[in-house]
Every structure is written in C-alpha cells, then in structure tokens.
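What follows is calculated from the coordinates using simple rules that are stated; it is not laboratory data. The shown structure was predicted, so the numbers you read here are calculated from the model rather than taken from an experiment. So basically every Cβ, Gly included, is an ideal-geometry build from the backbone, and we count neighbours across all protein chains shown.
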Amino acid sequence: MKFKNITVAGSGVLGYQIAFQAAFHNFNVIVYDINDDVLEKAKAKFTTMSEAFKKDLNASKEQLDSAYSNLSYISNLSEAVKDADLLIEAVPENPDVKKEFYKKLAKVAIEKTVFVTNSSTLLPSQFAEVTGRPSKFLALHFANDIWRNNTAEIMGHLQTNPETFKDVVNFAKAIGMLALPLHKEQPGYILNSLLMPLLSAATNLLVKEVADFQTIDKTWMKATGAPIGPFAIIDIVGINTVYNIYKMASGKSQDPLKIKTTEYLKEKFIDTNKLGVSNGEGFYIYPEPAYKSKDFLN
C-alpha cells in the first residue's frame, strides 16, 4: 500500500467517520481541524463510533484500542501534514471555504502528498489548480455511516495522474470500502445523482404544503419497502449539507421554489441549530426517531 500516513482535514459529520475507519484498518491518522476545542468534540464522537463498530461490525476491544492508538489530533496545518502520504479534505461544502483551505494547504504540504476531496457536489476540476498539484488531486466520496454504507466513489479530472487514481482506489479497498471508480466528472457522483432528485421532490412537496414530512416519508417507505424516507435521509446526510446545496443552486438559477426551500431550511433548521442526526434533532428527534416506531406505518 502506497499510503500509510493519512491526514483528515475536518472533523465534521463525515470527517471523523473517515478518520476512524482508516485508523480501524491500521493506518496512521492525524485529524486536523481549526482549533483544539473542535478537536475535543471530535474525540467524543469517536466514542460513539466505537460503540457502532462493536454493534454493527462485532469489533473487538483489541481492534478498537488499536484504532484509538492510530489516531492523533493536531490544530496546526503544517504540523498535521508534514508526513502525510494522503490528505483527505472534509471541510464545509462551500467553494470559497475549500479554495481558501487548498491555498493554505499548498504552501505547507510536502511534494509526495496526494490530496483528495470528499465534496458531495463540487467537482475536483473546480479546485485542481489552486491545490498546486492537479495531477495528484481527485475526489474520494463517502456515504454517511461509512462503516455500514461502505461505498467510496473515486472521481478524477482531466489532469489526474492515472497511477494516483489507482492508488486511491486501492486505499479505498484497504479501509474496507466498496471502491466505485467513475470514468469522468459528474456533479453528485453516482450516488447523489440518483439521490438528489428524490430529496428535491420531497422538499418541493413539503414547501408547497402538499403534505407534511412524515406523510411524505410514510408514502415512500410503504410504497417502495424502503427502510427510511427522504426526510430521514436528509437528517442522516445533514441538513446543513442539503441547505448548502440548495443555497448554491438557488443562487445560480434564481428558481423561486429553490429560493423558498433554501429560506425554509434556514429558518426552520439552520437558524435553530437542528442539523439532523449529527446533533440530535432535524426533521426527527434522535436517537429514537418516530420512523423507527413499530406504529409509524400503521
């Protein structure tokens, strides 16, 4: 395996999951974030992760202890990347934030380090030049709850070195992922290209007051046999992520319904800090959301 020392930049919803997944599979992992307070919160999330690994993967105490020993936490970027073979960027889904991060990263990262972005909707070609190493830059996209939904979509751009692409595919396999290579750039990859039309249709129905969110979820679950509905999916993905997607889309298109949806999500959820599963409340209240009740579909 070409990569051994991994730095994960960003300890949010997916960042801490990626870090723990890699550490669990015996990679040396540095978790980087903007300050020590944020990193302390990340450490608490790893406790939750270890419980999930025990429950879902039957992970042993020895395996989990080893994973913890493979994790380090650093809030100084140059220190965090000084030995990195691979840098996984999981900073907020905002083009300006990502560009600013890559500008700083390009100044301190060593030549060998490969950069990958976990962006859900943005294309690697949007950031390739600002990274300072376009041939060593591509996208590596994970689904939430990555130890269970263990997919990794790998997407390069026109300047990505084919050997670097293969190295990232092999890394994804080495951390227990089903590697899903894409042959060309596609906004939303495969997963979100399939998923976003569903979530968009659901939020349209809600904002137009056709039905409430639970009725929409019940309809989808009962009619298709799906275990969860679109609003439960939004909670899992993170309402902040969906909000950012709508904010960018409405800004470009000026579509009245997209603008109304963006305003709805901001007022009802972003401004009230109801971000979904990650902080205990979104459309549903966690850890026991209504859709898990035996009576939900009765």
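Size of region 1-104 from its Cα atoms: along the principal axes, largest to smallest, the extents are 41, 27, 21 Å. Ranked by how many other Cβ atoms sit within 10 Å of their own Cβ, fewest first, the residues 183, 157 fall in the order 183, 157.
Based on C-alpha pairs under 8 angstrom that are at least 6 apart in sequence, region 5-181 has a relative contact order of 21 percent. Report the relative contact order of region 192-292, percent, no decimals, based on alpha-carbon pairs under 8 angstrom and at least 6 residues apart. In percent, rounded to a whole number, it is 24.
Each other residue within a Cβ distance under 15 Å of residue 144 adds +1 if Lys or Arg and -1 if Asp or Glu, for a net charge of -3. Neighbours of residue 105 by Cβ distance under 11 Å: Lys/Arg scored +1, Asp/Glu scored -1, total +4. Secondary structure note: in the chain, about 20% of the DSSP beta bridges are antiparallel. Over region 88-165, the Kirkwood radius and the radius of gyration, each from Cα atoms, give a ratio Rg/Rh of 0.96. Qualifying trypsin sites (Lys or Arg not before Pro) in region 34-119, where qualification requires a DSSP coil assignment and no more than 16 other C-beta atoms within 10 Å, comprise 82, 112.
What are the ³J(HN,Hα) couplings of region 67-80, residue after residue, when phi is run through the Karplus curve with 6.51, -1.76, 1.60 and θ = phi - 60°? Round to Hz, x for glycine and proline. So the J values, rounded to whole Hz, are 4, 4, 5, 8, 9, 10, 10, 9, 9, 9, 4, 4, 5, 5. For the residues 19, 152, 232, a GNM of the chain with alpha-carbon springs under 10 Å puts the largest fluctuation on 232. Taken about its Cα centre, region 192-292 carries a charge dipole of about 220 debye when Lys and Arg each add +1 at the Cβ and Asp and Glu each add -1 at the Cβ. Report the one residue of 289, 273, 249 whose Cα lies farthest in the direction of the positive end of the charge dipole of the chain (charges on C-beta: Lys and Arg +1, Asp and Glu -1; origin at the Cα centre). Selected residue: 249. Taking trypsin sites (Lys or Arg not before Pro) across region 141-192, the ones in a DSSP loop with at most 13 further Cβ atoms lying within 10 angstrom of their Cβ are 148, 184. Taking amide H positions as modeled 1.01 Å from N, with prolines and chain starts lacking one, no residue 5 or more places away or on another chain lies under 5 Å from residue 83. Only the Cβ atoms of Lys and Arg (+1) and of Asp and Glu (-1) were treated as charged; on that basis the dipole of the chain about its Cα centre amounts to roughly 440 debye. Each peptide in 234-244, 257-267 receives the mean, over its residues, of other Cβ atoms within 10 Å, and ordering these scores from highest gives 234-244, 257-267. Of the residues 137, 20, 70, the one whose Cα sits farthest toward the positive end of the charge dipole of region 5-181, with +1 on the Cβ of Lys and Arg and -1 on the Cβ of Asp and Glu, is 137. With springs only between Cα atoms under 10 Å apart, run a GNM on the chain and tell me which of 88, 245, 228 wobbles the most. Among 88, 245, 228, the largest GNM mean-square fluctuation belongs to 228. In region 192-292, taking the dipole from charged Cβ atoms about the Cα centre, the farthest positive-side position among 193, 203, 230 is held by 193.
Dipole magnitude for region 59-136: about 260 debye, using +1 per Lys or Arg Cβ and -1 per Asp or Glu Cβ, origin at the Cα centre. Here the Gaussian network model covers the chain, with springs between Cα atoms less than 10 Å apart; of 52, 223, 143, 223 fluctuates the most. With only Cα atoms counted, region 192-292 has Rg and Dmax values of 12.9, 37 Å. Its alpha carbons considered, the chain gives a radius of gyration followed by a Dmax of 19.3, 59 Å. Among the GluC sites (Glu not before Pro) within region 135-243, those in coil by DSSP and having at most 10 neighbouring Cβ atoms inside 10 Å are 209.
Normalising the average separation of contacting C-alpha pairs (under 8 angstrom, six or more residues apart) by the number of residues puts the relative contact order of the chain at 13 percent. Evaluating 6.51 cos²θ - 1.76 cosθ + 1.60 at θ = phi - 60° for every residue in region 24-41, the Karplus couplings come out as 4, 9, 6, 9, 7, 10, 9, 9, 10, 8, 5, 7, 5, 5, 5, 5, 4, 5 Hz, glycine and proline recorded as x.
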